[in-house]
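Chemist: Sending over a structure as structure tokens; questions will come in a sec.
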Amino acid sequence: MPGGGRCPDCGSAELVEDSHYSQNQLVCSDCGCVVTEGVLTTTFTDEGNLREVTYSRSTGKNEQVSRSQQRGLCRVRDLCRVLQLPPTFEDTAVAYYQQAYQHSGIRAARLQKKEVLVGCCVLITCRQRNWPLTMGTICTLLYADLDVFSGTYLQMVKLLGLDVPSLCLVDLVKTYCSSFKLFEASPSVPAKYVEDKEKMLSRTLQLVELADETWLVTGRHPLPVITAATFLAWQSLRPSDRLTCSLARFCKLASVDLPYPASSRLQELLAVLLRLAGQLAWLQVLKLDKRSVVAHVGDLLQHRHMLVRKALRDGTAEPDALDAREKGLQGPGQGQGWGKEDRGDGSVDLPAGKRPASPTLLLPPCMLKPPKRICPTPPVCTVTGDEDISDSEIEQYLRSPQEVRDFQRAQAARQAATSVPNPP
């Protein structure tokens, strides 16, 4: 047989392959010695002599991969191909999965957590390379629970000690808005609802920046805010035709899911726009509400930097200014009333002692509507102070030697009184 092998018993070079059932074996034709038996082998020096070794002695023992890990690695590669990520992303995600699987907490976890681990590796890889990908997108592809995914993601970052930058909000807006099905006419989308992609994206970015400057994004999931901003941008470009469309119908037309808090984020964003509209002179004469202010979104966004600074400055200076003005307008005989004849601010009809209504302060939502805290009920005290004290516990209440002597004398007097017989 080619290869130059020899029989270990007789030294003969006449080695032939003998098929024994379904397993090929190398046999010496001179003495009949079976040179190789068992095909589980890898790289050992014996292979140079055409001798195969058992799996326990081979280098393959150090490279064993469980079926669960093999399945996870395949799913990591499949997910990268579905998302059309570059090959370098796939290699990095596979390496992260192998590192995470070495930890006992991950290896012994439930199957649901191992399935989520696949998406966590891909998400970390994309975040580190500034690739716009959201956690919700991966959860949709894997049919995973968002709470389980976020918990596994944080655990993996902590275990591996990775430095994962936060996702850029601008890239997230561009990626998320590109998935809306409102940029081309179709049978399911009327012509009046079709909008230019660049115009809608530009106005959505401005609204998201305004929400960020007014604390509507801080500590919150970005997708509901982006959904509300996209809806407002879409309405403000053609308000006459789109004001009657609701947020739920808009998401249905765009073929996107409606996040649960998006309606609340929409109301908060409209409240900020109303607050800024009160700063513009040509809008102060109009009685705007949350419906009519949508038509003036373009003007508000054009001057948003100046309006936000002015709203913040007026919010901090307003209480002091009102107090000073009240003191200056009060006369010596007016008591707590306001001098109506001296005021030219249009508040003549207000009753005495009443200030004009001040605009809503531009504050974070957590300060405008703080969460309700449950007041703990005080524990019920069952001790009234009238309970009897046993003789064994009385010593705990004696504090001074004088009290001890008084107590001893009282006990002696009590015993003497009880030992004296009653007179006849």
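Chemist: Return the total of residues in the range 119-138 being crowded, with 19+ Cβ neighbours inside 10 Å and part of a helix (DSSP H, G or I).
Modeler: Total meeting the criteria: 11.
Chemist: I would also like to ask the following. Are any residues in the range 194-210 part of a helix (DSSP H, G or I), touching a Phe, Trp or Tyr at 6+ places or on another chain (Cβ under 9 Å) and open to solvent by less than 40 Å² (accessible area, probe 1.4 Å), and if so, which ones?
Modeler: Met200, Thr204
Chemist: If I filter the range 173-193 down to residues being in contact (Cβ under 8 Å) with a residue 60 or more places away in the chain and in contact with an Asp or Glu (Cβ under 8 Å, 6 or more places away or on another chain), which single residue comes out as nearest to Cys126 (Cα to Cα)?
Modeler: Per the criteria, the residue is Leu182.
Chemist: Can you tell me which residue is surrounded by the fewest Cβ atoms within 10 Å (Cβ to Cβ) among those in the range 236-255 that are of a type in the set (Gly, Ala, Ser) and not in a loop (DSSP other than H, G, I, E, B)?
Modeler: Only one residue tops the list, namely Ser240.
Chemist: Same structure, new question: Considering the range 139-169 alone, what residues qualify as being β-branched (Val, Ile, Thr), in a helix (DSSP H, G or I) and under 26 Å from Leu205 (Cβ atoms)?
Modeler: Thr140
Chemist: From the list Leu40, Leu15, Leu26, which one is of a type in the set (A, V, I, L, M) and at pLDDT below 75?
Modeler: Testing whether each residue is of a type in the set (A, V, I, L, M) and at pLDDT below 75 leaves just Leu40.
For (1) open to solvent by less than 100 Å² (accessible area, probe 1.4 Å); (2) among the charged types (D, E, K, R); (3) at pLDDT 80 or above, each residue gets a yes or a no:
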| site | (1), (2), (3) |
| --- | --- |
| Leu368 | yes, no, no |
| Gln402 | yes, no, yes |
| Arg405 | no, yes, yes |
| Ala412 | yes, no, yes |
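Chemist: While we're looking at this one, here's another question. Sort through Val157, Val170 and tell me the only one that's among the aliphatic types (A, V, I, L, M), touching a residue at least 12 places away in the same chain (Cβ under 8 Å) and closer than 30 Å to Leu363 by Cβ.
Modeler: Val170
Chemist: Now a separate question. Taking Gly219 and the conditions (1) of a type in the set (Gly, Ala, Ser); (2) part of a helix (DSSP H, G or I); (3) surrounded by fewer than 17 Cβ atoms within 10 Å (Cβ to Cβ), which numbered condition does it fall short on, given that it satisfies the others?
Modeler: (2)
Chemist: For the condition under 24 Å from Gln84 (Cα atoms), over 15 Å from the mean Cα position of the chain (by Cα) and not small (Gly, Ala, Ser), what is the one hit in Cys139, Cys120, Cys177?
Modeler: Just a single option satisfies the conditions, and that option is Cys177.
A quick yes/no check of all residues on (1) of a type in the set (Lys, Arg); (2) touching a Gly at 6+ places or on another chain (Cβ under 9 Å):
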residue	(1), (2)
Ser202	no, no
Glu213	no, no
Leu216	no, no
Pro222	no, no
Ala229	no, no
Ala233	no, no
Ser240	no, no
Arg249	yes, no
Asp257	no, yes
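Chemist: Here is a follow-up. Which of the numbered conditions does Glu52 fail, given that it passes all the others? Conditions: (1) of a type outside the set (Ser, Thr, Tyr); (2) modelled with pLDDT under 75; (3) touching a helix residue (DSSP H, G or I) at 6+ places or on another chain (Cβ under 8 Å); (4) in a helix (DSSP H, G or I).
Modeler: (4) is the only condition that Glu52 fails.
The values are calculated or read from the model by the stated rules, or taken from the named source; none is laboratory data. None of these values were measured; they are calculated from a predicted model. Ideal geometry is used to build each Cβ from the backbone, glycine not excepted, and the neighbour counts take in all protein chains shown. For accessibility, only protein heavy atoms count, side chains too; no ligands or nucleic acids. Shrake-Rupley method; radii C 1.70, N 1.55, O 1.52, S 1.80 Å.
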